[in-house]
1. Within segment A:97-193, report the trypsin sites (Lys or Arg not before Pro) that DSSP leaves as loop and that have at most 14 other Cβ atoms within 10 Å.
2. Which of the GluC sites (Glu not before Pro) found in segment A:180-215 are loop residues per DSSP with 13 or fewer other Cβ atoms within 10 Å of their Cβ?
3. Report ³J(HN,Hα) in whole Hz for each residue of segment A:197-209, in order, from the Karplus equation J = 6.51 cos²θ - 1.76 cosθ + 1.60 where θ = phi - 60°; Gly and Pro get x.
4. Ratio to report: Rg/Rh of segment A:165-285, with Cα atoms as the point set and Rh obtained by the Kirkwood method; give two decimals.
5. By its C-alpha gyration tensor, with a ≥ b ≥ c as the square roots of the eigenvalues, how is segment A:5-60 shaped: rounded for a/c under 1.5, else prolate for a/b larger than b/c, else oblate?
6. Give me the orientation-averaged projected area of the Cα convex hull of the protein assembly as shown, in nm², one decimal.
7. Run the quick spin-label model on A:Ser72 and A:Thr45: label points 7 Å from Cα toward the beta carbon, then report their separation in nm to one decimal.
8. Excluding B:Val21 itself, calculate the net charge of residues whose Cβ lies under 14 Å from the Cβ of B:Val21, where each Lys or Arg counts +1 and each Asp or Glu counts -1.
Amino acid sequence: MSLTPEALVNKSLELVSPPSTYLKLNQLIQDPDSALDDISAVINTDPALATRLLKIVNSPFYGFPSQINTISRAITIVGTRELMHLVLATSVINAFRGIPASLIDMDDFWRHSFATAITARLLAEECGQKATERFFIAGLLHNIGSLVLYQSLPELAGEAIRSAEFGHEVQFQAEQRLIGFDHTEVGYALAREWHLPHSLQEVARYHHRPSDAEDFPIDVAIVHIADILVSAVPFGHSGDNHVPPLDPAAWDLLALNELQMPLLLQQVEEQIDRLSSVMLTQDAS
Amino acid sequence: MSQSPLSEEELKKRQERFRYVDLNHPLMQVLFQMQLPAKKQPEQHL
């Protein structure tokens, strides 16, 4: 019987903890009776997570003028949804810490993801989108399926990386040839298994073929373009040294001016080191 | 944004990086030619 993305995700979940605090928070905010104290209480049940969140919101990336000392205060200042996204990002980074450096430099992998996150949010602002923090987490987690492949099928994933480097195909095409499916299908399966928002599921699934997006074509198009911009510079390395193919329809959908892109990427460059350093620091907490 | 021409070495690197994209697309033309300003290196303390 051939391997499926769903079976691979199930196998991977034996090693990777789901983002349980995020899932609890997601349930909580659906409840109209929930209060800020309830959200704080859930986060504070994981002291290591709470400490890390406070470090992140007090970092130069956010640049708030005064110290934020409690989760309640962080929610008030940063906002519930953005803090939830930080919870999710932190949980995913921690869950996949075991990927061997011989396969891929994970600092480089995350640098690509952070840059895609920042770029996606800036593109969303350029497009006049509201609630742009959702584009940040969509960019950050667009390659979540690669993490499963690196962790659960390291030999085949490594072969796909080498094939993209030395062969005549991009990484996701090499994955399809070698494994039978690629990181986008695995990312979709994982996002569904973890009950992540539908928009994140679509971004994980369609960021290399945005014209297939069903309910969130703008989200998918923005991350598709962000991934291309970041790969062109490049910022970090997700496993492929090549710029992924552009879907011109996605670019047309966003109605952006290409001449603005270098300036936007300059802003990304100004933010990326601050974000990487605070998100990737391993502390004793 | 710096507009100096790309060195031969950089040109080769970019041709490889942009191997799978259509360089006739206006976005790709801008990205291919783009040069972000060099980042300041931190001072070395011996």
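Laboratory data are not the source of any read-out in this text; all were calculated from the coordinates shown. Nothing here was measured: the structure is a model prediction, and the numbers come from that model. FYI the Cβ positions are ideal-geometry reconstructions off the backbone, even for glycines, and counts take in every protein chain you see.
1. Values: sites: A:Arg97, A:Arg111, A:Arg121, A:Lys130, A:Arg134, A:Arg162, A:Arg177, A:Arg192; in loops: A:Arg97, A:Lys130.
Within segment A:97-193, the qualifying trypsin sites (Lys or Arg not before Pro) (loop, at most 14 other Cβ atoms within 10 Å) are A:Arg97, A:Lys130.
2. Sites meeting the loop and neighbour criteria: A:Glu214.
3. Along segment A:197-209, the couplings run x, 4, 5, 5, 4, 5, 5, 4, 7, 10, 5, 9, 9 Hz.
4. Answer for segment A:165-285: 0.99.
5. oblate
6. Numbers: hull surface 76.3 nm².
If you wrap the Cα atoms of the protein assembly as shown in a convex hull and average its projections, you get 19.1 nm².
7. In this crude label model, A:Ser72 to A:Thr45 measures out at 1.9 nm.
8. Values: positive: B:Arg14, B:Arg17, B:Arg19; negative: A:Glu169, A:Asp227, A:Asp240, A:Asp247, A:Glu258, B:Glu16, B:Asp22.
With Lys, Arg at +1 and Asp, Glu at -1, the net is -4.
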